[in-house]
1. Just to verify a result, which residue in segment 234-287, among those that are among the acidic types (Asp, Glu) and under 25 Å from Glu151 (Cα atoms), is surrounded by the most Cβ atoms within 10 Å (Cβ to Cβ)?
2. For segment 157-166, indicate whether the set of residues that are buried (at least 22 other Cβ atoms within 10 Å of the Cβ), in a loop (DSSP other than H, G, I, E, B), out of contact with any His (no Cβ under 7 Å at 6 or more places or on another chain) and not charged (D, E, K, R) is non-empty.
3. Does segment 314-329 include one or more residues that are more than 23 Å from Lys195 (Cβ to Cβ), hydrophobic (A, V, I, L, M, F, W, C) and touching a Ser or Thr at 6+ places or on another chain (Cβ under 7 Å)?
4. Can you say whether Pro24 is farther than 22 Å from Met365 by Cβ, in contact (Cβ under 8 Å) with a residue 60 or more places away in the chain, out of contact with any helix residue (DSSP H, G or I) (no Cβ under 9 Å at 6 or more places or on another chain) and crowded, with 19+ Cβ neighbours inside 10 Å, as far as the supplied structure shows?
5. Residues of segment 200-214 being in contact (Cβ under 8 Å) with a residue 60 or more places away in the chain, assigned to a helix (DSSP H, G or I) and not hydroxyl-bearing (Ser, Thr, Tyr), which ones?
6. Considering each residue of segment 322-347, count those that are outside any strand (DSSP E or B), closer than 18 Å to Ile276 by Cβ and aliphatic (A, V, I, L, M), and give that number.
7. Evaluate the following for Thr265: is it under 20 Å from Val157 (Cβ atoms), in a helix (DSSP H, G or I) and among the hydroxyl-bearing types (Ser, Thr, Tyr)?
8. Taking segment 241-262 as the search range and keeping residues that are of a type in the set (D, E, K, R) and not in a loop (DSSP other than H, G, I, E, B), which one is nearest to the chain's Cα centre (by Cα)?
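Just so it is clear, none of the values below were taken in a lab; they were calculated from the coordinates. This structure is a prediction, so every number in the text was calculated from the model and none was measured. Positions of Cβ are backbone-derived with ideal geometry, glycine not excepted, and every protein chain shown enters the neighbour counts.
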Amino acid sequence: MNLNYNPSYPSVDDLRARARQRIPRFAFEYLDGGCNEDINLHKNTTELREVELKPFYLNKHSGSDLKTELFGQVYDAPFGIAPVGLQGLMWPNAPEILAKAAKEHNVPFILSTVTTSSIERIGKLTEGKFWFQLYHPADNALRDDLLDRAEAAGCRVLAILCDVPTFGYRPRDIRNGLAMPPKMTLRNVLQIMGKPNWAIQTLLHGQPNFATMKKYMPEGLNMGQLGRYMNQTFSGRLNEEKIAPIRDRWKGKLVLKGVASDEDTELAIKLGLDGIIVSNHGGRQLDAGQSTIKPLETIVQKYAGRIKIMMDSGIRSGPDVARALASGAEFVFLGRSFMYGVAALGKAGGQHTISILKTQLKQVMEQVCCEKVEDLPRHLVQR
């Protein structure tokens, strides 16, 4: 097999293990953890992996093609890089590393409102080939300013987030006193001293900050203050009255991210949105909720063809991508997998992770004799 990645780390699990060795515990736990008891975090992947595919070995097969059309753009693979907050905390310049890799591999990169690179910086690096995830501000002037900045940077697709009506209860982050920049408690200082490479790279690149939001927010917020700031500044409780003005103002494609019910899908269609991302925020918000594969299956049954249906949360590998696509998702996004790659391998992490996922996915498609991504649902073993 022709490998386009470091054979020492041939899986996302290998990257996760390496990332854990390379970055401070408070950073790894922020990335790796869910909320409360992490029940839904684990259900996401476990229940997705109950999906089975059926091979047709005697079919004529001339090869498998990963190219996928989405919103008028043909991508080289049916997956993209999901938005993750505080990316620079895990590894310096992580958003830039991933955005560059996404552009080179021709897959979409979604920038979070609360990550550590600005809209303008990512727009320049990608030549406008990026998506932006909007945390809905309570103030309409702030909302409009963010939309104007995204448009000016060339953003193609706006994803508005609906699954963060409250700030998630995450015990690890509370214990770690997580802040941006990192709070220098004795515990955190000792963790940093134990990861000298991370410390040196962070020192060279400067402390991470909320680059897009920097001009709007006070500095040095601790975890409690950050929670209050998020609740005061952003209004995650989206409804028709909040979405309609965005639909009217935004000239590009508009996607609702965080959908987990038929009711929210119906409203998205009613409001003229172009797509939805079925997601539970990576199990970081509602521990008592469903895993993402369950609402995806019901939403696909009822609404396929009426709106673009995508998925994230719980996807960790090429076979996982195949499972989600076979279940009816038209495109998928991965967040933690890419961050493990960057935390493990630095500048090479984005390229490496995309290459792993492409190789794994193509092997699955070749194995089941599936030539096109859109044909994967034919290989689904019905549950």
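1. Asp274
2. There is at least one residue in segment 157-166 that is buried (at least 22 other Cβ atoms within 10 Å of the Cβ), in a loop (DSSP other than H, G, I, E, B), out of contact with any His (no Cβ under 7 Å at 6 or more places or on another chain) and not charged (D, E, K, R).
3. If we filter segment 314-329 for residues that are more than 23 Å from Lys195 (Cβ to Cβ), which is where we start, we get 314-329.
Now narrow it down to the ones that are hydrophobic (A, V, I, L, M, F, W, C): 315, 321-322, 324-326, 329.
Within this subset, residues satisfying the condition of being touching a Ser or Thr at 6+ places or on another chain (Cβ under 7 Å) are none.
Checking segment 314-329: not a single residue is more than 23 Å from Lys195 (Cβ to Cβ), hydrophobic (A, V, I, L, M, F, W, C) and touching a Ser or Thr at 6+ places or on another chain (Cβ under 7 Å).
4. Working: farther than 22 Å from Met365 by Cβ: yes; in contact (Cβ under 8 Å) with a residue 60 or more places away in the chain: yes; out of contact with any helix residue (DSSP H, G or I) (no Cβ under 9 Å at 6 or more places or on another chain): no; crowded, with 19+ Cβ neighbours inside 10 Å: yes.
Taking the combined requirement at face value, the residue does not satisfy it.
5. The answer is Gln201, Leu204, His205.
6. Step one: of segment 322-347, the residues outside any strand (DSSP E or B) are 322-330, 335-347.
Add one more test, that the residue is closer than 18 Å to Ile276 by Cβ, and what stays is 324-325, 327-330, 335.
Those left that are additionally aliphatic (A, V, I, L, M): 324-325, 329.
Count: 3.
7. Values: under 20 Å from Val157 (Cβ atoms): yes; in a helix (DSSP H, G or I): yes; among the hydroxyl-bearing types (Ser, Thr, Tyr): yes.
Yes: the conditions hold for Thr265.
8. If we filter segment 241-262 for residues that are of a type in the set (D, E, K, R), which is where we start, we get 241-242, 247-249, 251, 253, 257, 262.
Still in the list and also not in a loop (DSSP other than H, G, I, E, B): 241-242, 247-249, 253, 257, 262.
On the way: Glu241: 26, Lys242: 23, Arg247: 22, Asp248: 26, Arg249: 25, Lys253: 18, Lys257: 10, Asp262: 22 Å.
The extreme case among them is Lys257.
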